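Asks: Sharing a structure below in structure tokens format, with a few things to ask.
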Amino acid sequence: MLELTILMPCLNEAETLATCIDKAKGFLARSGIKGEVLISDNGSTDGSRSIAEAHGARVVLAPRKGNGIALSTGIAAAKGRFVIMGDSDDSYDFSRLDGFVEALRGGADLVMGNRFRGGIEPGAMPFLHRYLGNPVLSFIGRVLYGAPVGDFQCGLRGFVRDKILALNLITEQLEFCPEMVMRAAMAGLKIVEVPTTLKPDGRSRKPHLRTWHDGWRHLKLLLTFAPFSLFLYPGAMLFALGSVLFLPLLFGPLDLGALTLDTGAMIFAATFIIIGFQLMWFHVLARLFAVRMNLLPTSPRFERLRERLSVESACKGGAVFLGLALVATIAAVGHWAANGFGPIDPGLITRAASLVAVLSALGLQSLTGGFLWGLMSQKSPTLAAAEVKAVEAAQQA
């Protein structure tokens with residue numbers, strides 16, 4: 001087995017591909033590393049494949065368009081124990097990969113280049129990318145995933161091939177690169193950074209990257225894979241805040257020194273409770289889906305929840321909330337009847353209506369969420385069929 005594969009995705013890079021390949025092959029020769037240069041072609045029509053083969057690189061063809069498709073195809077086809085990947089537009093220096101190899105040999109699973117530490121030449125990175133997009137997205141990535149990475153979007157990186165393949169990365173476009181960092185961090189892989197340089201690319205055409213479109217896709221990916229931070233914690237905070245305000249306001253205005261809270265604040269508190277409860281339910285369901293699809297790792301806490309939560313337990317909780325809502329409704333109507341169905345205190349009816357609304361919403365959310373939990377917990381037909389076949393094979397043996 002080779003020690004290193006230098007992987008470059010390629011889509012019409014005839015102007016710069018030969019230079020990148022020659023630099024990579026020069027590095028392998030200088031360092032004495034047994035390796036290969038692999039080009040994953042993404043549907044080039046400018047002769048890039050012929051150029052790659054003429055300069056001694058191996059070429060594989062991605063099955064469809066997409067930077068992530070090209071990279072995943074190349075990683076799967078790589079023959080090296082380690083893979084170092086980078087764009088084939090001559091913005092990265094493939095002749096200076098010593099720091100990546102040293103870190104990989106030292107036990108790192110993923111080695112990220114950091115262009116801000118290594119140096120960015122004038123004109124190499126657009127102003128918005130350098131001072132807004134990359135810093136903000138990298139900061140969000142560090143906060144949500146705890147990844148010790150200052151440049152999430154750096155395309156030059158090295159990794160242990162088998163460790164990254166085991167992550168089963170799923171994105172097909174430019175989000176593949178940040179997904180790799182996020183999933184590696186969640187899987188507990190060892191991630192380190194090395195400085196790398198960035199210079200203006202050597203292409204005469206426009207780059208494939210679209211600033212706002214791809215920036216939004218990166219942000220959406222960061223938020224999608226962070227259900228703990230995005231849903232559970234804000235939901236729990238809203239639910240707690242709403243409950244602290246709502247319960248005392250049930251019995252009358254709440255005096256806080258110079259500030260008095262009444263039915264207006266109660267309506268806001270009711271909204272906080274309902275939204276917070278919905279966010280927590282959504283977190284539970286999103287986590288179940290992500291774990292079942294092998295998108296996120298499970299945890300002891302989540303496995304305990306899976307043992308305790310069922311359609312029956314959710315229905316029981318929903319029935320309690322709905323039963324309390326019915327009792328509150330009967331009590332409010334009874335009070336109105338005792339007053340001859342005439343005008344009653346607006347504050348009183350607002351408190352009663354808010355209580356019924358909150359209890360009814362929590363009850364229905366519990367019921368619907370419980371049934372969806374049960375549906376998502378079912379075995380897939382494919383898995384069930386596979387288990388039947390396994391049992392039959394064992395019996396025949």
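Asks: Under the classification rounded if a/c is under 1.5, otherwise prolate if a/b is larger than b/c and oblate if not, where does segment 77-129 fall, given a ≥ b ≥ c as square roots of the Cα gyration tensor eigenvalues?
Replies: Note, shape of segment 77-129 comes out prolate.
Asks: Any chance you could give the angle, 0 to 90 degrees and rounded to 10, that helix 233-249 forms with the longest Cα principal axis of the chain?
Replies: Long axis of 233-249 versus the principal axis of the chain: about 10 degrees.
Asks: Also, I was wondering about something else. For segment 100-110, take each phi angle, set θ = phi - 60°, evaluate the Karplus expression 6.51 cos²θ - 1.76 cosθ + 1.60, and give the result in whole Hz per residue in order, putting x for glycine and proline.
Replies: 5, 5, 4, 5, 5, 5, x, x, 6, 8, 9
Asks: In segment 1-58, what percent of the accessible surface is made up of carbon and sulfur (1.4 Å probe, ligands and nucleic acids excluded)?
Replies: Summing carbon and sulfur atoms, their accessible area is 51 percent of the total for segment 1-58.
Asks: A further question on this structure: How many times 2.2 N^0.38 Å is the alpha carbon radius of gyration of segment 111-225?
Replies: Compactness ratio reported: 1.04.
Asks: From the square roots a ≥ b ≥ c of the eigenvalues of the alpha-carbon gyration tensor of segment 1-97, which class results: rounded (a/c under 1.5), prolate (a/b over b/c), or oblate?
Replies: Oblate is the answer for segment 1-97, as a/c is 1.5 or above yet b/c matches or exceeds a/b.
Asks: For the chain, give the share of DSSP beta bridges that are antiparallel, in percent and rounded to the nearest 5; count only bridges with both residues there.
Replies: Percentage antiparallel, nearest 5: 30.
Asks: For F225, what residues show an amide H to amide H distance below 5 Å, using hydrogens built from the backbone and excluding near sequence neighbours?
Replies: none
Asks: Pop out the ³J(HN,Hα) list for segment 75-91 in order, Karplus 6.51 cos²θ - 1.76 cosθ + 1.60 with θ = phi - 60°, rounded to Hz; leave Gly and Pro as x.
Replies: Computed from phi, the couplings for segment 75-91 are 5, 5, 8, 5, 9, x, 5, 9, 10, 10, 10, x, 5, 9, 9, 6, 8 Hz.
Asks: By how many nm would the segment from A77 to R308 grow when fully extended, if each residue of separation counts as 0.36 nm and the alpha-carbon distance is taken off?
Replies: The A77-R308 span can extend by a further 78.8 nm.
Asks: Helix 263-292 against the longest principal axis of the chain: what's the angle in degrees, Cα atoms only, rounded to the nearest 10?
Replies: So the inclination is approximately 40 degrees.
Asks: Karplus couplings for segment 312-318 from phi (6.51 cos²θ - 1.76 cosθ + 1.60, θ = phi - 60°), rounded to Hz, Gly and Pro as x?
Replies: Per-residue couplings from phi come out as 5, 5, 5, 5, 4, x, x Hz.
Asks: In addition: For the chain, what is the accessible area per residue in Å², given a 1.4 Å probe and the full set of protein chains? Provide the component values of the computation, followed by the final result.
Replies: Working: 19870 Å² over 397 residues.
Normalised by residue count, the accessible surface of the chain is 50 Å².
Asks: At 0.36 nm per residue, minus the direct Cα-Cα distance, what do T19 and M376 gain on full extension? Give it in nm, one decimal, please.
Replies: My answer for the length gained is 123.4 nm.
Asks: Dipole of segment 158-283, Cα-centred, from +1 at each Lys and Arg C-beta and -1 at each Asp and Glu C-beta, to the nearest 20 debye?
Replies: Numbers: 11 positive and 9 negative charges, 165 e Å.
Magnitude of the dipole: close to 800 debye.
Asks: Work out, step by step, the length gained on full extension between L326 and R58: first 0.36 nm times the residue separation, then minus their alpha carbon distance; give nm to one decimal.
Replies: 89.3 nm
Asks: Here's something else I'd like to know. Determine one quarter of the surface area of the Cα convex hull of the chain, which equals its mean projected area, and express it in nm² to one decimal.
Replies: That works out to 29.1 nm², a quarter of the Cα hull's surface.
Asks: When only Cα pairs under 8 Å and 6 or more residues apart are kept, what is the percent relative contact order across segment 231-363?
Replies: Once normalised by length, the contact order is 29 percent.
Asks: On C-alpha positions alone, give me the angle between the axis of helix 381-396 and the longest principal axis of the chain, in degrees, nearest 10.
Replies: Relative to the chain, helix 381-396 is tipped by roughly 70 degrees.
Asks: Leaving ligands, DNA and RNA out of it, rank W281, W373 by accessible area with a 1.4 Å probe, largest first.
Replies: Of W281, W373, the descending order of accessible area is W281, W373.
The values are calculated or read from the model by the stated rules, or taken from the named source; none is laboratory data. Every value quoted in this text rests on a predicted model; they were computed, and no experiment measured them. Positions of Cβ are backbone-derived with ideal geometry, glycine not excepted, and every protein chain shown enters the neighbour counts. Ligands, DNA and RNA are excluded from the accessible area calculation, which covers all protein heavy atoms including side chains. Shrake-Rupley method; radii C 1.70, N 1.55, O 1.52, S 1.80 Å.
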